[in-house]
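Enquirer: Structure provided below as structure tokens; questions to follow.
The values are calculated or read from the model by the stated rules, or taken from the named source; none is laboratory data. All values reported here derive from a predicted model rather than from experimental measurement. Every residue, glycine among them, receives a Cβ derived from its backbone with ideal geometry; neighbour counts consider all protein chains shown. Ligands, DNA and RNA are stripped out before the accessible areas are found, and what is left, the full protein with its side chains, is counted by its heavy atoms. Shrake-Rupley method; radii C 1.70, N 1.55, O 1.52, S 1.80 Å.
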Amino acid sequence: MRDVHDVYDEFKHQLPDIDPQETQEWIESLDALVKQSGGDRARFVLYKLLKRARMLHVGLPPLTQTRYINTISPEQEPYFPGDEEMELHIRRLIRWNAVAMVVRANHHFEGIGGHLATYASAASLYEVGFNHFFRGKDDGASGDQIFFQGHAAPGIYARAFVEGRLSESQLDHFRREVVPGEGLSSYPHPRLMPEFWEFPTVSMGLGPLAAIYQARFNRYLHHRGIKDTTSSRVWAFLGDGECDEPEALGALHVAAREGLDNLTFVVNCNLQRLDGPVRGNGKIIQELESVFRGSGWNVIKVLWSREWDDLLARDVDGVLVNRMAEATDGESQRMTIADGAYIREKFFGTDPRLRKMVEHLSDEQLRSLRRGGHDYRKVYAAYHAAVRHTGAPTAILAQTVKGWALGPSVEARNITHQAKKMSFEELKIFRDRLQLPISDDKLTEDPPYYHPGPDSPEVQYMIERRRALGGFVPRRVVRGKPLQQPDPAAFAEFPKGSGSAAASTTMAFTRLLRNLLRDKNIGKRIVPIIPDEARSRRSGSTRRSGNATSRSTPRRSSHTARRSTARSSRKASPKRARWRRSPPRARATRPTASRCCRSTSFTRCSACSAPAIRSGRSATRGAADSSAARRPAGPR
């Protein structure tokens with residue numbers, strides 16, 4: 001049996017080659033490069049050539065997977081416009097109150113649940129958005145639509161508490177909605193909190209799917225002239241483990257096909273699911289990059305913090321980049337909980353060049369090398385690039401640590417997702433990491449909420465940033481406007497009945513839909529999404545020229561043809577007819593469509609009363625439709 005690669009090579013030989021000698025010289029040059037400098041150097045040169053080819057608009061398809069480094073290099077990062085030190089203090093306040101809310105709830109009501117670790121890993125991802133990107137609705141606009149990751153809800157409640165939007169009593173009723181207006185729902189839930197949450201995002205996977213269609217609907221509103229949504233962006237926050245849910249990634253092609261550059265996915269890649277790594281022996285970020293890029297999305301990876309920039313600049317041989325790529329997610333998780341000596345030996349000790357690269361760093365400095373999703377400037381650069389990208393939706397893959405800052409007994413452990421409580425010692429470590437002025441005696445029972453006061457610099461900074469961006473989020477605002485009623489003429493024919501002719505519910509619905517589409521008051525607000533099945537039911541006649549939501553040239557599917565044949569055989573078989581439970585209905589006949597019907601409009605022919613047939617449809621198709629119309633309306 002020939003090797004499969006030989007088959008592909010032979011196929012490649014079918015492509016025209018206007019200069020085989022020049023092609024062979026290029027191949028020999030690559031062979032020499034690999035032989036002389038090795039595969040790593042050859043890979044580097046090929047990446048450079050591909051990048052140059054894209055700059056020259058050669059037209060090569062993009063790679064589905066790039067190297068395991070940040071997409072945006074340090075020299076490409078934009079200026080950060082905020083006060084990073086102030087925003088760090090704000091994050092610490094929110095982190096503490098999110099943990100205090102869940103811990104207090106579980107102290108008083110054993111097993112009530114809640115999640116500590118998800119928001120702990122995603123705090124920077126959210127806070128960059130809150131302070132610099134998420135647009136509110138105070139100016140009368142629709143603002144941004146944000147699909148928050150369900151398990152991160154405690155952090156969103158904690159931020160609203162610091163802003164002054166929620167009280168301590170409401171935080172103490174987390175997951176206890178027994179008092180109207182006091183309880184906080186477990187997850188984003190607009191029915192339970194109609195003035196706060198906009199979208200439900202649990203069960204897992206439904207938020208990303210809904211976000212895609214929200215972005216698509218925003219575009220539809222704009223293109224129809226119903227609502228100007230050009231300044232609205234849809235943000236969807238999800239986890240890497242959540243991406244294994246079929247719904248999470250099931251409609252990526254829709255967003256790419258529609259060019260929804262008003263949509264941004266932020267995937268919190270903390271490499272952990274409920275009870276362990278997402279891909280222990282693989283790399284989930286590389287896998288997701290291939291999925292998103294292969295579906296036509298723009299992908300931005302935020303993997304390493306600024307502390308890695310100097311090391312990568314020293315990596316003239318590419319040995320560090322290669323080490324980053326070969327380390328599995330399981331190894332990365334082990335490095336997260338290990339000390340500096342272990343990191344030096346197991347990560348950097350695999351190659352003498354790597355060991356030399358970090359010899360100037362102490363073990364504590366190695367321990368402080370962070371993941372990119374916890375670096376405020378790296379995250380800001382990714383969001384900044386995402387909102388300016390045009391032509392395709394963007395997915396930001398941010399590498400984080402689950403349970404970040406919660407302490408060594410929780411951070412990156414397999415039990416992290418299930419952690420609901422913290423001991424006195426764990427709370428002390430957490431408080432010290434956040435540098436908050438809370439005394440030990442207040443930690444002995446319930447950890448207290450901490451609010452610096454409404455006039456504090458932190459709260460004033462938060463409010464000023466939200467004011468500049470159009471108001472608080474999340475906030476659900478309903479601005480319903482009454483619509484004009486359709487003209488009564490749209491319903492006039494139905495009370496009269498169908499006379500002696502049999503009529504099915506499908507026929508009646510199709511006529512009603514046709515009339516409403518033509519109505520001047522509400523016609524433009526009705527969007528018939530016509531599946532293939534509708535064509536055999538005459539529903540295709542409802543389409544209007546220039547506004548069809550299905551294919552312009554319908555075709556009869558083999559499935560429809562087989563069904564028609566089966567119906568004909570049932571009608572012709574006396575043996576099968578004995579098993580009918582009801583007598584056959586009266587046949588509704590109509591003249592065969594003649595040439596007079598073959599117009600380009602979708603009205604009925606005045607000569608024969610048959611639905612007009614779009615030009616280009618064959619006589620066979622017309623006859624088939626006419627015969628189908630003459631069949632009795634059987635049970636459906």
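Enquirer: Counting just the residues of the range 220-244 that are out of contact with any Phe, Trp or Tyr (no Cβ under 9 Å at 6 or more places or on another chain) and buried (at least 18 other Cβ atoms within 10 Å of the Cβ), which one comes out nearest to Leu125 (Cα to Cα)?
Expert: Per the stated criteria, the residue is Gly239.
Enquirer: Here's a follow-up. Given the criteria over 21 Å from Val267 (Cβ atoms), touching a helix residue (DSSP H, G or I) at 6+ places or on another chain (Cβ under 8 Å) and open to solvent by 10 Å² or more (accessible area, probe 1.4 Å), does Arg353 qualify?
Expert: Criteria met by Arg353.
Enquirer: Mind listing whichever residues of the range 473-503 are open to solvent by less than 50 Å² (accessible area, probe 1.4 Å), more than 23 Å from His223 (Cα to Cα) and in contact with a helix residue (DSSP H, G or I) (Cβ under 8 Å, 6 or more places away or on another chain)?
Expert: Across the range 473-503, the qualifying residues are Val473, Pro474, Ala490.
Enquirer: In the range 459-472, what count of residues is obtained for those that are open to solvent by less than 40 Å² (accessible area, probe 1.4 Å) and within 30 Å of Lys420 (Cα to Cα)?
Expert: Qualifying residue count, the range 459-472: 2.
Enquirer: Within the range 185-232, how many residues turn out to be outside any loop (DSSP other than H, G, I, E, B) and either within 20 Å of Tyr157 (Cβ to Cβ) or under 19 Å from the mean Cα position of the chain (by Cα) (or both)? Step through it out loud before you land on a result.
Expert: Filtering the range 185-232 for residues outside any loop (DSSP other than H, G, I, E, B) gives 206-223.
Narrowing further to those that are either within 20 Å of Tyr157 (Cβ to Cβ) or under 19 Å from the mean Cα position of the chain (by Cα) (or both): 206-220.
Residues in the range 185-232 being outside any loop (DSSP other than H, G, I, E, B) and either within 20 Å of Tyr157 (Cβ to Cβ) or under 19 Å from the mean Cα position of the chain (by Cα) (or both): 15 in total.
Enquirer: Additional query: Say we look at the range 147-195 and pick out the residues that are basic (Lys, Arg) and touching a residue at least 40 places away in the same chain (Cβ under 8 Å); which of these is least open to solvent (accessible area, probe 1.4 Å)? Explain how you work it out, then say what you get.
Expert: Our first condition is that a residue be basic (Lys, Arg); within the range 147-195, this holds for 159, 165, 175-176, 191.
After this cut, where a residue has to be touching a residue at least 40 places away in the same chain (Cβ under 8 Å) as well, the list is 159, 165, 175-176.
Details: Arg159: 3, Arg165: 63, Arg175: 52, Arg176: 54 Å².
So, considering only residues that are basic (Lys, Arg) and touching a residue at least 40 places away in the same chain (Cβ under 8 Å), the one least open to solvent (accessible area, probe 1.4 Å) is Arg159.
Enquirer: So for the range 123-134 (the condition being assigned to a loop (DSSP other than H, G, I, E, B), at positive phi and either open to solvent by less than 10 Å² (accessible area, probe 1.4 Å) or modelled with pLDDT of 95 or more (or both)), does at least one residue qualify?
Expert: Checking the range 123-134: not a single residue is assigned to a loop (DSSP other than H, G, I, E, B), at positive phi and either open to solvent by less than 10 Å² (accessible area, probe 1.4 Å) or modelled with pLDDT of 95 or more (or both).
Enquirer: For the range 410-426, enumerate the residues that are open to solvent by 50 Å² or more (accessible area, probe 1.4 Å), part of a loop (DSSP other than H, G, I, E, B) and of a type outside the set (A, V, I, L, M).
Expert: Across the range 410-426, the qualifying residues are Arg413, Asn414, Lys421, Ser423.
Enquirer: Only residues in the range 71-91 that are surrounded by 14 or more Cβ atoms within 10 Å (Cβ to Cβ) count as the first member; pair them with residues that are part of a helix (DSSP H, G or I) and acidic (Asp, Glu), Cβ under 8 angstrom, at least 6 apart or cross-chain, and list the lot.
Expert: Pro74/Asp309; Met86/Glu458; Glu87/Glu127; His89/Glu458; Ile90/Glu127; Ile90/Glu458; Arg91/Glu127
Enquirer: Quick check: is even one residue across the range 390-404 at positive phi and outside any helix (DSSP H, G or I)? Before the answer, list the steps.
Expert: The initial filter retains those residues of the range 390-404 that are at positive phi, namely 391, 403.
Next, from what is left, pick out any that are outside any helix (DSSP H, G or I): 391, 403.
Yes: the range 390-404 contains one or more residues that are at positive phi and outside any helix (DSSP H, G or I).
Enquirer: Continuing with this model, one more query. Which members of the range 1-58 meet the condition of being at pLDDT below 80, of a type in the set (Lys, Arg) and either touching a Cys at 6+ places or on another chain (Cβ under 6 Å) or not in a loop (DSSP other than H, G, I, E, B) (or both)?
Expert: Passing the criteria: only Lys12.
Enquirer: What's the total number of residues in the range 357-380 that are farther than 24 Å from Glu287 by Cα, in a helix (DSSP H, G or I) and in contact (Cβ under 8 Å) with a residue 60 or more places away in the chain?
Expert: Qualifying residue count, the range 357-380: 2.
Enquirer: Any chance the range 96-112 includes a residue that's outside any loop (DSSP other than H, G, I, E, B), charged (D, E, K, R) and surrounded by 14 or more Cβ atoms within 10 Å (Cβ to Cβ)?
Expert: For the range 96-112, residues outside any loop (DSSP other than H, G, I, E, B), charged (D, E, K, R) and surrounded by 14 or more Cβ atoms within 10 Å (Cβ to Cβ): present.
Enquirer: OK, next. Out of all the residues in the range 222-237, which are among the hydrophobic types (A, V, I, L, M, F, W, C) and out of contact with any Asp or Glu (no Cβ under 9 Å at 6 or more places or on another chain)?
Expert: Ile226, Ala236, Phe237
Enquirer: Okay, next question. Which residues, counting only those in the range 75-93, are in contact with a helix residue (DSSP H, G or I) (Cβ under 6 Å, 6 or more places away or on another chain), of a type in the set (A, V, I, L, M, F, W, C) and within 15 Å of Ala405 (Cβ to Cβ)?
Expert: Within the range 75-93, Ile90, Leu93 meet the criteria.
Enquirer: Need pairs with beta-carbon distance below 9 Å; first residue at positive phi and within the range 416-441, second modelled with pLDDT of 95 or more; sequence gap 6+ or separate chains.
Expert: Pairs that qualify, where the first residue is at positive phi and the partner is modelled with pLDDT of 95 or more, are Gln435/His89; Gln435/Arg92.
Enquirer: Every residue in the range 301-322 that is closer than 25 Å to Ala395 by Cα and open to solvent by 10 Å² or more (accessible area, probe 1.4 Å), please.
Expert: Listed by number, the residues that qualify are Trp304, Arg306, Glu307, Trp308, Asp309, Leu312, Val321, Asn322.
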